[in-house]
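What follows is a single structure, written as C-alpha coordinates, with notes after it.
The values are calculated or read from the model by the stated rules, or taken from the named source; none is laboratory data. Just so it is clear, the structure is predicted and the values come from calculations on it, not from any experiment. Virtual Cβ from ideal backbone geometry, glycine too; neighbours counted across all protein chains shown. Quick note on the areas: whole protein, heavy atoms, side chains included, nothing else; ligands and nucleic acids left out. Shrake-Rupley method; radii C 1.70, N 1.55, O 1.52, S 1.80 Å.
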Amino acid sequence: MSVSISLVLVVIFGASSYTMFRIQSDQAMEATRLQAQILTRALKNTIRIGMESGHANSLISIFHTVGSLPGVEKMRVFNEDGVILYSAKLSEIGKLTDELDYDTYRKPGPDRSTPFASSSTGHRSFCMVEPIENQPSCRRCHPAAREVLGVLDVCLSMEETEKKIESNRLILLSFTGLAILLTSLLNSILLKRFVSTPVARLVGTMMSVEAGKLDVKVDVQSGDELGRLGSSFNEMIRKLAEAQAEIERFHHRQLARADRLASLGEMAAGIAHEIKNPLAGIYGAAQVLAREFPEGDVKREIVEEMMSLIKRLDNTIRDMLNFSRYTEPRFAKGNINDVIEKVLFLIQQIREGKRAKIVRDFDPAMPEIEMDAEQIKQVFLNLALNALQADPDGCTLTIRTYSDVPPEIEDLKHHSRFVMVTVSDDGPGIPADKLGKIFQPFFTTKETGTGLGLSMTRKILDMHDGWITAGNLLDKGATFSVFLPKEKL
Ligand code: ADP
(Lines give C-alpha, C1' and ligand atoms only; values in the text may rest on other atoms or scores of the structure.)
Protein backbone atom coordinates (compact mmCIF):
# COMPACT_ATOMS: atom_id res chain seq x y z
CA MET A 1 0.00 0.00 0.00
CA SER A 2 2.83 2.38 0.96
CA VAL A 3 4.73 1.58 -2.23
CA SER A 4 1.64 2.14 -4.39
CA ILE A 5 0.89 5.47 -2.72
CA SER A 6 4.53 6.54 -3.14
CA LEU A 7 4.42 5.60 -6.83
CA VAL A 8 1.23 7.61 -7.35
CA LEU A 9 2.87 10.55 -5.54
CA VAL A 10 5.95 10.31 -7.77
CA VAL A 11 3.74 10.38 -10.88
CA ILE A 12 1.59 13.30 -9.62
CA PHE A 13 4.48 15.40 -8.31
CA GLY A 14 6.64 14.54 -11.35
CA ALA A 15 3.90 15.52 -13.83
CA SER A 16 3.13 18.78 -12.01
CA SER A 17 6.82 19.70 -11.75
CA TYR A 18 7.37 18.94 -15.42
CA THR A 19 4.33 21.05 -16.37
CA MET A 20 5.54 23.92 -14.19
CA PHE A 21 8.98 23.67 -15.77
CA ARG A 22 7.49 23.73 -19.28
CA ILE A 23 5.31 26.74 -18.46
CA GLN A 24 8.30 28.60 -17.02
CA SER A 25 10.40 27.78 -20.07
CA ASP A 26 7.64 28.96 -22.45
CA GLN A 27 7.20 32.16 -20.43
CA ALA A 28 10.96 32.85 -20.61
CA MET A 29 10.89 32.30 -24.35
CA GLU A 30 7.90 34.65 -24.68
CA ALA A 31 9.68 37.34 -22.62
CA THR A 32 12.79 37.04 -24.85
CA ARG A 33 10.62 37.24 -27.96
CA LEU A 34 9.03 40.43 -26.59
CA GLN A 35 12.45 41.92 -25.81
CA ALA A 36 13.71 41.06 -29.32
CA GLN A 37 10.57 42.52 -30.87
CA ILE A 38 10.92 45.81 -28.97
CA LEU A 39 14.62 46.06 -29.73
CA THR A 40 14.14 45.27 -33.43
CA ARG A 41 11.31 47.82 -33.82
CA ALA A 42 13.28 50.49 -31.96
CA LEU A 43 16.39 49.85 -34.09
CA LYS A 44 14.36 49.87 -37.31
CA ASN A 45 12.96 53.28 -36.45
CA THR A 46 16.40 54.55 -35.41
CA ILE A 47 17.88 53.38 -38.76
CA ARG A 48 15.04 55.00 -40.68
CA ILE A 49 15.41 58.32 -38.81
CA GLY A 50 19.23 58.19 -39.17
CA MET A 51 18.99 57.53 -42.92
CA GLU A 52 16.38 60.19 -43.52
CA SER A 53 18.37 62.81 -41.62
CA GLY A 54 21.53 61.91 -43.57
CA HIS A 55 23.42 60.56 -40.58
CA ALA A 56 23.97 57.07 -41.99
CA ASN A 57 27.44 56.97 -40.52
CA SER A 58 26.15 57.35 -36.95
CA LEU A 59 24.40 54.00 -37.41
CA ILE A 60 27.72 52.22 -37.05
CA SER A 61 28.29 53.66 -33.59
CA ILE A 62 24.61 52.96 -32.60
CA PHE A 63 25.07 49.34 -33.71
CA HIS A 64 28.29 49.13 -31.80
CA THR A 65 26.80 50.64 -28.62
CA VAL A 66 23.54 48.67 -28.60
CA GLY A 67 25.26 45.53 -29.89
CA SER A 68 27.61 45.48 -26.91
CA LEU A 69 24.71 45.54 -24.39
CA PRO A 70 24.59 42.35 -22.27
CA GLY A 71 22.46 39.65 -23.82
CA VAL A 72 22.69 41.05 -27.39
CA GLU A 73 24.49 38.38 -29.33
CA LYS A 74 24.08 39.56 -32.90
CA MET A 75 22.92 42.78 -34.42
CA ARG A 76 23.30 43.39 -38.12
CA VAL A 77 21.63 44.55 -41.33
CA PHE A 78 22.03 42.44 -44.45
CA ASN A 79 20.74 43.09 -47.95
CA GLU A 80 18.39 40.89 -49.99
CA ASP A 81 21.36 38.77 -51.11
CA GLY A 82 22.42 38.15 -47.53
CA VAL A 83 25.50 40.43 -47.57
CA ILE A 84 26.04 42.16 -44.21
CA LEU A 85 25.84 45.96 -44.52
CA TYR A 86 25.99 47.04 -40.84
CA SER A 87 26.95 45.04 -37.79
CA ALA A 88 27.84 45.47 -34.14
CA LYS A 89 30.99 43.56 -35.09
CA LEU A 90 32.76 45.57 -37.70
CA SER A 91 34.67 42.53 -38.96
CA GLU A 92 31.41 40.97 -40.25
CA ILE A 93 30.60 43.83 -42.64
CA GLY A 94 30.74 42.69 -46.26
CA LYS A 95 30.44 38.99 -45.34
CA LEU A 96 27.45 36.74 -45.97
CA THR A 97 25.02 36.42 -43.08
CA ASP A 98 24.23 33.02 -41.45
CA GLU A 99 22.07 30.69 -43.47
CA LEU A 100 19.57 30.36 -40.65
CA ASP A 101 19.01 34.14 -40.44
CA TYR A 102 18.64 34.33 -44.17
CA ASP A 103 16.16 31.44 -44.22
CA THR A 104 14.22 33.06 -41.42
CA TYR A 105 13.94 36.21 -43.50
CA ARG A 106 12.77 34.14 -46.46
CA LYS A 107 10.24 32.31 -44.26
CA PRO A 108 6.69 33.06 -45.39
CA GLY A 109 4.29 34.68 -42.90
CA PRO A 110 4.57 37.66 -40.58
CA ASP A 111 6.53 35.93 -37.76
CA ARG A 112 10.20 36.07 -38.66
CA SER A 113 11.62 34.87 -35.42
CA THR A 114 13.43 31.65 -34.54
CA PRO A 115 14.60 30.32 -31.24
CA PHE A 116 17.52 28.00 -31.81
CA ALA A 117 20.33 26.31 -29.99
CA SER A 118 23.73 27.22 -31.20
CA SER A 119 26.32 24.50 -30.93
CA SER A 120 29.12 27.03 -30.82
CA THR A 121 27.80 29.01 -27.80
CA GLY A 122 26.33 25.99 -25.96
CA HIS A 123 23.09 27.81 -25.14
CA ARG A 124 19.93 28.81 -26.97
CA SER A 125 19.51 32.15 -28.66
CA PHE A 126 16.47 33.95 -29.97
CA CYS A 127 16.77 35.65 -33.36
CA MET A 128 14.38 37.99 -35.09
CA VAL A 129 14.65 39.40 -38.61
CA GLU A 130 12.76 42.51 -39.66
CA PRO A 131 12.80 43.70 -43.29
CA ILE A 132 13.29 47.50 -43.77
CA GLU A 133 10.76 48.32 -46.54
CA ASN A 134 11.38 50.97 -49.18
CA GLN A 135 9.12 53.83 -47.97
CA PRO A 136 8.41 56.91 -50.20
CA SER A 137 10.71 58.98 -47.97
CA CYS A 138 13.56 56.54 -48.78
CA ARG A 139 13.26 56.99 -52.50
CA ARG A 140 15.22 60.20 -52.43
CA CYS A 141 18.35 58.09 -52.28
CA HIS A 142 17.17 54.55 -53.15
CA PRO A 143 15.65 53.43 -56.46
CA ALA A 144 11.86 52.85 -56.21
CA ALA A 145 12.19 49.40 -57.80
CA ARG A 146 13.76 47.95 -54.64
CA GLU A 147 11.05 46.75 -52.23
CA VAL A 148 13.31 45.91 -49.33
CA LEU A 149 16.34 48.09 -48.55
CA GLY A 150 17.82 45.79 -45.94
CA VAL A 151 17.01 43.20 -43.33
CA LEU A 152 17.55 43.95 -39.66
CA ASP A 153 18.78 40.82 -37.87
CA VAL A 154 18.86 40.82 -34.05
CA CYS A 155 19.79 37.79 -31.93
CA LEU A 156 19.37 37.78 -28.14
CA SER A 157 21.20 35.28 -25.98
CA MET A 158 19.03 33.09 -23.70
CA GLU A 159 22.04 32.07 -21.62
CA GLU A 160 21.01 33.97 -18.46
CA THR A 161 17.38 32.93 -18.78
CA GLU A 162 18.44 29.31 -19.25
CA LYS A 163 20.65 29.51 -16.18
CA LYS A 164 17.69 30.81 -14.15
CA ILE A 165 15.42 28.09 -15.54
CA GLU A 166 18.03 25.49 -14.72
CA SER A 167 18.42 26.70 -11.14
CA ASN A 168 14.60 26.86 -10.81
CA ARG A 169 14.46 23.33 -12.16
CA LEU A 170 16.95 22.16 -9.54
CA ILE A 171 15.00 23.88 -6.73
CA LEU A 172 11.74 22.43 -8.03
CA LEU A 173 13.28 18.96 -8.31
CA SER A 174 14.70 19.13 -4.77
CA PHE A 175 11.38 20.28 -3.33
CA THR A 176 9.49 17.66 -5.30
CA GLY A 177 11.86 14.93 -4.09
CA LEU A 178 11.60 16.18 -0.53
CA ALA A 179 7.81 16.40 -0.73
CA ILE A 180 7.61 12.83 -2.09
CA LEU A 181 9.96 11.60 0.62
CA LEU A 182 8.13 13.35 3.45
CA THR A 183 4.67 12.40 2.21
CA SER A 184 5.73 8.76 1.76
CA LEU A 185 7.31 8.75 5.21
CA LEU A 186 4.26 10.31 6.84
CA ASN A 187 2.07 7.94 4.92
CA SER A 188 4.06 4.92 6.13
CA ILE A 189 4.00 6.16 9.73
CA LEU A 190 0.23 6.78 9.64
CA LEU A 191 -0.43 3.45 7.93
CA LYS A 192 1.68 1.67 10.51
CA ARG A 193 0.10 3.53 13.42
CA PHE A 194 -3.54 3.35 12.33
CA VAL A 195 -3.69 0.25 10.14
CA SER A 196 -0.77 -2.21 10.39
CA THR A 197 -0.36 -2.17 14.18
CA PRO A 198 -4.10 -2.50 15.05
CA VAL A 199 -4.54 -5.15 12.34
CA ALA A 200 -1.51 -7.05 13.69
CA ARG A 201 -3.03 -6.89 17.19
CA LEU A 202 -6.34 -8.12 15.81
CA VAL A 203 -4.65 -10.99 13.99
CA GLY A 204 -2.64 -11.88 17.13
CA THR A 205 -5.81 -12.01 19.23
CA MET A 206 -7.57 -14.03 16.53
CA MET A 207 -4.76 -16.55 16.61
CA SER A 208 -4.97 -16.81 20.41
CA VAL A 209 -8.73 -17.37 20.13
CA GLU A 210 -8.09 -19.95 17.43
CA ALA A 211 -5.69 -21.67 19.84
CA GLY A 212 -8.52 -21.86 22.38
CA LYS A 213 -7.66 -18.87 24.62
CA LEU A 214 -10.93 -17.09 25.25
CA ASP A 215 -9.78 -14.69 28.00
CA VAL A 216 -8.03 -12.42 25.49
CA LYS A 217 -9.23 -9.03 24.27
CA VAL A 218 -8.33 -6.81 21.33
CA ASP A 219 -6.88 -3.54 22.56
CA VAL A 220 -8.16 -1.20 19.84
CA GLN A 221 -9.45 2.07 21.29
CA SER A 222 -9.87 4.13 18.13
CA GLY A 223 -13.39 5.06 17.06
CA ASP A 224 -12.79 4.23 13.38
CA GLU A 225 -13.74 1.12 11.43
CA LEU A 226 -10.84 -0.84 12.95
CA GLY A 227 -11.94 0.20 16.44
CA ARG A 228 -15.46 -0.96 15.68
CA LEU A 229 -14.09 -4.20 14.23
CA GLY A 230 -12.07 -4.67 17.44
CA SER A 231 -15.07 -4.17 19.72
CA SER A 232 -17.23 -6.47 17.56
CA PHE A 233 -14.46 -9.02 17.78
CA ASN A 234 -14.26 -8.61 21.58
CA GLU A 235 -18.01 -9.05 21.78
CA MET A 236 -17.69 -12.19 19.66
CA ILE A 237 -14.99 -13.58 21.99
CA ARG A 238 -17.17 -12.75 25.01
CA LYS A 239 -20.13 -14.61 23.50
CA LEU A 240 -17.88 -17.48 22.54
CA ALA A 241 -16.57 -17.68 26.11
CA GLU A 242 -20.13 -17.57 27.44
CA ALA A 243 -21.20 -20.31 25.07
CA GLN A 244 -18.19 -22.38 26.09
CA ALA A 245 -18.93 -21.85 29.79
CA GLU A 246 -22.50 -22.93 29.19
CA ILE A 247 -21.40 -26.01 27.28
CA GLU A 248 -18.92 -26.83 30.05
CA ARG A 249 -21.62 -26.43 32.67
CA PHE A 250 -23.92 -28.64 30.68
CA HIS A 251 -21.15 -31.14 30.20
CA HIS A 252 -20.35 -30.99 33.89
CA ARG A 253 -24.00 -31.63 34.75
CA GLN A 254 -24.12 -34.56 32.36
CA LEU A 255 -20.94 -35.97 33.92
CA ALA A 256 -22.28 -35.46 37.41
CA ARG A 257 -25.51 -37.16 36.44
CA ALA A 258 -23.58 -40.05 34.93
CA ASP A 259 -21.50 -40.19 38.13
CA ARG A 260 -24.55 -40.34 40.33
CA LEU A 261 -26.23 -42.92 38.17
CA ALA A 262 -23.09 -45.02 38.38
CA SER A 263 -23.04 -44.67 42.18
CA LEU A 264 -26.69 -45.56 42.40
CA GLY A 265 -26.02 -48.54 40.17
CA GLU A 266 -23.25 -49.68 42.49
CA MET A 267 -25.45 -49.16 45.51
CA ALA A 268 -28.27 -51.12 43.88
CA ALA A 269 -25.86 -53.94 43.07
CA GLY A 270 -24.65 -53.98 46.68
CA ILE A 271 -28.15 -54.07 48.15
CA ALA A 272 -29.23 -56.69 45.64
CA HIS A 273 -26.33 -58.84 46.69
CA GLU A 274 -27.06 -58.32 50.39
CA ILE A 275 -30.77 -59.12 50.12
CA LYS A 276 -30.85 -61.63 47.32
CA ASN A 277 -28.42 -64.12 48.89
CA PRO A 278 -30.26 -64.48 52.22
CA LEU A 279 -33.50 -64.65 50.28
CA ALA A 280 -32.07 -67.49 48.19
CA GLY A 281 -31.05 -69.21 51.42
CA ILE A 282 -34.54 -68.80 52.87
CA TYR A 283 -36.01 -70.12 49.63
CA GLY A 284 -33.71 -73.22 49.75
CA ALA A 285 -34.61 -73.84 53.37
CA ALA A 286 -38.33 -73.54 52.57
CA GLN A 287 -37.89 -76.08 49.75
CA VAL A 288 -36.30 -78.55 52.21
CA LEU A 289 -39.09 -77.86 54.71
CA ALA A 290 -41.78 -78.41 52.06
CA ARG A 291 -40.35 -81.88 51.33
CA GLU A 292 -40.82 -82.78 55.02
CA PHE A 293 -44.59 -82.67 54.65
CA PRO A 294 -46.58 -85.11 52.52
CA GLU A 295 -48.41 -84.02 49.38
CA GLY A 296 -51.80 -82.42 50.25
CA ASP A 297 -50.74 -81.55 53.80
CA VAL A 298 -51.92 -78.06 54.84
CA LYS A 299 -48.44 -77.28 56.29
CA ARG A 300 -46.84 -78.15 52.93
CA GLU A 301 -49.26 -75.74 51.19
CA ILE A 302 -48.33 -72.99 53.69
CA VAL A 303 -44.60 -73.53 53.04
CA GLU A 304 -45.23 -73.46 49.25
CA GLU A 305 -47.18 -70.20 49.66
CA MET A 306 -44.17 -68.85 51.62
CA MET A 307 -41.89 -69.90 48.75
CA SER A 308 -44.01 -68.10 46.15
CA LEU A 309 -44.05 -64.98 48.33
CA ILE A 310 -40.22 -65.16 48.61
CA LYS A 311 -40.04 -65.42 44.82
CA ARG A 312 -42.29 -62.38 44.48
CA LEU A 313 -40.19 -60.47 47.01
CA ASP A 314 -37.07 -61.36 45.07
CA ASN A 315 -38.59 -60.04 41.85
CA THR A 316 -39.82 -56.88 43.53
CA ILE A 317 -36.37 -56.16 44.97
CA ARG A 318 -34.80 -56.71 41.58
CA ASP A 319 -37.30 -54.38 39.91
CA MET A 320 -37.00 -51.81 42.63
CA LEU A 321 -33.22 -51.76 42.37
CA ASN A 322 -33.40 -51.43 38.62
CA PHE A 323 -35.78 -48.55 38.94
CA SER A 324 -34.57 -44.97 39.43
CA ARG A 325 -35.31 -43.67 42.90
CA TYR A 326 -36.43 -40.21 41.70
CA THR A 327 -39.69 -39.58 39.96
CA GLU A 328 -40.08 -37.14 37.09
CA PRO A 329 -41.19 -33.68 38.31
CA ARG A 330 -44.76 -32.57 37.68
CA PHE A 331 -44.40 -28.95 36.54
CA ALA A 332 -46.88 -26.23 37.44
CA LYS A 333 -46.64 -22.44 37.84
CA GLY A 334 -45.83 -21.39 41.37
CA ASN A 335 -44.10 -18.73 43.45
CA ILE A 336 -40.85 -19.81 45.01
CA ASN A 337 -41.32 -17.30 47.89
CA ASP A 338 -44.45 -19.24 48.94
CA VAL A 339 -42.63 -22.58 48.75
CA ILE A 340 -39.82 -21.26 50.97
CA GLU A 341 -42.34 -19.81 53.41
CA LYS A 342 -43.81 -23.33 53.83
CA VAL A 343 -40.34 -24.76 54.39
CA LEU A 344 -39.63 -22.15 57.07
CA PHE A 345 -42.91 -23.00 58.78
CA LEU A 346 -41.95 -26.70 58.83
CA ILE A 347 -38.45 -26.18 60.23
CA GLN A 348 -39.77 -23.91 62.96
CA GLN A 349 -41.60 -26.94 64.33
CA ILE A 350 -38.34 -28.77 65.18
CA ARG A 351 -36.00 -28.08 68.07
CA GLU A 352 -33.12 -26.52 66.08
CA GLY A 353 -35.61 -24.44 64.09
CA LYS A 354 -37.12 -23.01 67.24
CA ARG A 355 -33.67 -21.93 68.42
CA ALA A 356 -32.62 -20.42 65.09
CA LYS A 357 -32.86 -16.82 63.99
CA ILE A 358 -34.44 -16.68 60.57
CA VAL A 359 -33.79 -13.74 58.21
CA ARG A 360 -36.03 -13.48 55.13
CA ASP A 361 -35.11 -11.18 52.24
CA PHE A 362 -37.69 -12.03 49.60
CA ASP A 363 -37.84 -10.23 46.22
CA PRO A 364 -41.46 -9.00 45.95
CA ALA A 365 -41.13 -9.01 42.13
CA MET A 366 -40.55 -12.79 42.12
CA PRO A 367 -42.42 -14.19 39.09
CA GLU A 368 -44.33 -17.47 39.01
CA ILE A 369 -42.06 -20.13 37.59
CA GLU A 370 -42.51 -23.63 36.18
CA MET A 371 -41.63 -26.14 38.94
CA ASP A 372 -42.68 -29.18 40.92
CA ALA A 373 -43.46 -27.37 44.19
CA GLU A 374 -43.12 -30.58 46.25
CA GLN A 375 -39.66 -31.35 44.92
CA ILE A 376 -38.50 -27.74 45.28
CA LYS A 377 -39.82 -27.79 48.86
CA GLN A 378 -37.63 -30.85 49.40
CA VAL A 379 -34.62 -28.91 48.03
CA PHE A 380 -34.99 -25.99 50.43
CA LEU A 381 -35.89 -28.28 53.32
CA ASN A 382 -32.58 -30.12 52.79
CA LEU A 383 -30.62 -26.86 52.60
CA ALA A 384 -32.37 -25.32 55.62
CA LEU A 385 -31.90 -28.48 57.75
CA ASN A 386 -28.21 -28.62 56.81
CA ALA A 387 -27.86 -24.96 57.84
CA LEU A 388 -29.56 -25.59 61.21
CA GLN A 389 -27.44 -28.70 61.79
CA ALA A 390 -24.27 -26.66 61.09
CA ASP A 391 -24.94 -24.73 64.33
CA PRO A 392 -27.65 -26.49 66.35
CA ASP A 393 -27.39 -24.08 69.29
CA GLY A 394 -28.83 -21.06 67.55
CA CYS A 395 -27.97 -20.54 63.94
CA THR A 396 -28.86 -17.51 61.88
CA LEU A 397 -30.47 -18.78 58.71
CA THR A 398 -30.70 -16.18 55.93
CA ILE A 399 -32.76 -16.81 52.83
CA ARG A 400 -32.68 -14.32 49.96
CA THR A 401 -34.63 -14.58 46.75
CA TYR A 402 -33.88 -12.74 43.49
CA SER A 403 -36.33 -12.40 40.60
CA ASP A 404 -33.32 -12.02 38.22
CA VAL A 405 -29.84 -13.40 38.71
CA PRO A 406 -27.70 -10.42 39.85
CA PRO A 407 -25.26 -9.29 37.12
CA GLU A 408 -22.20 -9.88 39.33
CA ILE A 409 -22.81 -13.63 38.95
CA GLU A 410 -20.52 -14.32 36.02
CA ASP A 411 -20.46 -17.06 33.38
CA LEU A 412 -24.17 -16.81 32.79
CA LYS A 413 -25.64 -15.92 29.42
CA HIS A 414 -29.14 -14.68 30.30
CA HIS A 415 -29.38 -13.36 33.83
CA SER A 416 -33.04 -12.43 33.40
CA ARG A 417 -34.07 -15.96 32.38
CA PHE A 418 -33.35 -17.41 35.83
CA VAL A 419 -34.38 -16.76 39.45
CA MET A 420 -31.88 -17.23 42.26
CA VAL A 421 -32.24 -18.19 45.94
CA THR A 422 -29.41 -18.14 48.44
CA VAL A 423 -29.50 -20.08 51.71
CA SER A 424 -26.77 -18.99 54.13
CA ASP A 425 -25.89 -19.77 57.72
CA ASP A 426 -23.32 -18.62 60.26
CA GLY A 427 -21.98 -22.08 61.06
CA PRO A 428 -18.41 -23.32 60.58
CA GLY A 429 -18.69 -23.38 56.76
CA ILE A 430 -17.52 -26.14 54.44
CA PRO A 431 -13.80 -27.02 54.48
CA ALA A 432 -12.19 -26.21 51.10
CA ASP A 433 -11.14 -29.83 50.50
CA LYS A 434 -14.73 -31.01 51.05
CA LEU A 435 -16.39 -28.48 48.71
CA GLY A 436 -15.93 -30.74 45.69
CA LYS A 437 -17.38 -33.81 47.45
CA ILE A 438 -20.50 -32.66 49.28
CA PHE A 439 -22.81 -33.34 46.31
CA GLN A 440 -21.62 -36.94 45.95
CA PRO A 441 -24.08 -39.58 47.21
CA PHE A 442 -23.26 -40.93 50.67
CA PHE A 443 -20.74 -38.19 51.42
CA THR A 444 -21.41 -37.08 54.95
CA THR A 445 -19.47 -35.66 57.87
CA LYS A 446 -22.32 -36.25 60.31
CA GLU A 447 -22.60 -39.27 62.58
CA THR A 448 -26.21 -39.86 61.75
CA GLY A 449 -26.11 -38.43 58.22
CA THR A 450 -26.92 -40.40 55.07
CA GLY A 451 -25.03 -38.14 52.66
CA LEU A 452 -27.98 -38.24 50.28
CA GLY A 453 -29.56 -34.79 50.96
CA LEU A 454 -27.39 -32.65 48.66
CA SER A 455 -27.09 -35.30 45.96
CA MET A 456 -30.88 -35.54 45.85
CA THR A 457 -31.12 -31.73 45.86
CA ARG A 458 -28.84 -31.58 42.85
CA LYS A 459 -30.79 -34.34 41.11
CA ILE A 460 -34.08 -32.44 41.56
CA LEU A 461 -32.57 -29.17 40.30
CA ASP A 462 -31.08 -31.02 37.33
CA MET A 463 -34.52 -32.24 36.39
CA HIS A 464 -35.73 -28.63 36.58
CA ASP A 465 -32.87 -27.48 34.29
CA GLY A 466 -31.50 -25.54 37.24
CA TRP A 467 -28.33 -25.91 39.28
CA ILE A 468 -26.81 -25.32 42.68
CA THR A 469 -23.46 -23.92 43.80
CA ALA A 470 -21.87 -24.06 47.24
CA GLY A 471 -19.38 -21.73 48.87
CA ASN A 472 -18.34 -20.10 52.10
CA LEU A 473 -19.16 -16.61 53.25
CA LEU A 474 -16.24 -14.26 53.76
CA ASP A 475 -16.77 -13.87 57.52
CA LYS A 476 -18.50 -17.04 58.72
CA GLY A 477 -20.75 -19.81 57.45
CA ALA A 478 -21.73 -21.57 54.29
CA THR A 479 -23.91 -20.35 51.45
CA PHE A 480 -25.77 -22.32 48.80
CA SER A 481 -27.12 -20.62 45.63
CA VAL A 482 -29.97 -22.23 43.75
CA PHE A 483 -30.71 -21.20 40.13
CA LEU A 484 -33.99 -22.08 38.41
CA PRO A 485 -35.25 -21.12 34.95
CA LYS A 486 -38.40 -18.98 34.88
CA GLU A 487 -39.75 -20.87 31.88
CA LYS A 488 -38.99 -24.49 31.07
CA LEU A 489 -35.93 -24.57 28.77
P1 ADP B 1 -26.02 -35.20 55.28
O2 ADP B 1 -26.68 -33.94 55.73
O3 ADP B 1 -26.80 -36.40 55.54
O4 ADP B 1 -24.61 -35.31 55.74
P5 ADP B 1 -25.94 -33.87 52.74
O6 ADP B 1 -25.79 -34.40 51.38
O7 ADP B 1 -27.14 -33.03 52.99
O8 ADP B 1 -25.93 -35.12 53.68
O9 ADP B 1 -24.66 -33.09 53.13
C10 ADP B 1 -23.39 -33.59 52.84
C11 ADP B 1 -22.33 -32.89 53.66
O12 ADP B 1 -22.18 -31.54 53.23
C13 ADP B 1 -22.61 -32.76 55.12
O14 ADP B 1 -22.32 -33.96 55.84
C15 ADP B 1 -21.72 -31.60 55.55
O16 ADP B 1 -20.41 -32.03 55.73
C17 ADP B 1 -21.74 -30.74 54.33
N18 ADP B 1 -22.69 -29.62 54.48
C19 ADP B 1 -23.90 -29.48 53.92
N20 ADP B 1 -24.47 -28.31 54.29
C21 ADP B 1 -23.60 -27.69 55.11
C22 ADP B 1 -23.61 -26.43 55.81
N23 ADP B 1 -24.64 -25.60 55.76
N24 ADP B 1 -22.51 -26.10 56.52
C25 ADP B 1 -21.44 -26.93 56.59
N26 ADP B 1 -21.38 -28.13 55.92
C27 ADP B 1 -22.44 -28.51 55.22
For this session: Kindly indicate whether Ile350 is at pLDDT below 90, of a type in the set (A, V, I, L, M) and surrounded by fewer than 18 Cβ atoms within 10 Å (Cβ to Cβ).
Result: yes
Problem set entry | Members of region 339-375 found to be of a type in the set (Gly, Ala, Ser) and touching a Leu at 6+ places or on another chain (Cβ under 8 Å), listed by number | Gly353, Ala356
Seminar exercise, completed: Taking region 231-255 and keeping only residues that are over 21 Å from Phe418 (Cα atoms) and either among the polar types (S, T, N, Q) or touching a Lys or Arg at 6+ places or on another chain (Cβ under 8 Å) (or both), one is left with Ser231, Ser232, Asn234, Ile237
Exercise. In region 409-430, which residues are within 8 Å of the ligand (Cβ to nearest atom) and open to solvent by 50 Å² or more (accessible area, probe 1.4 Å)?
Worked result: Pro428
Exercise. Quick one: which of Ser403, Ser455, Ser481 is small (Gly, Ala, Ser) and more than 13 Å from the ligand (Cβ to nearest atom)?
Worked result: Ser403
Seminar exercise, completed: Residues in region 462-478 that are open to solvent by less than 50 Å² (accessible area, probe 1.4 Å) and within 13 Å of the ligand (Cβ to nearest atom) total 5
Exercise. Which residue pairs have Cβ atoms closer than 7 Å, lie 6 or more positions apart in sequence or on different chains, and pair a first residue in region 16-43 that is over 30 Å from Glu133 (Cα atoms) with a second residue that is part of a helix (DSSP H, G or I) and open to solvent by 50 Å² or more (accessible area, probe 1.4 Å)?
Worked result: Ser17/Leu173; Phe21/Arg169; Gln24/Asn168
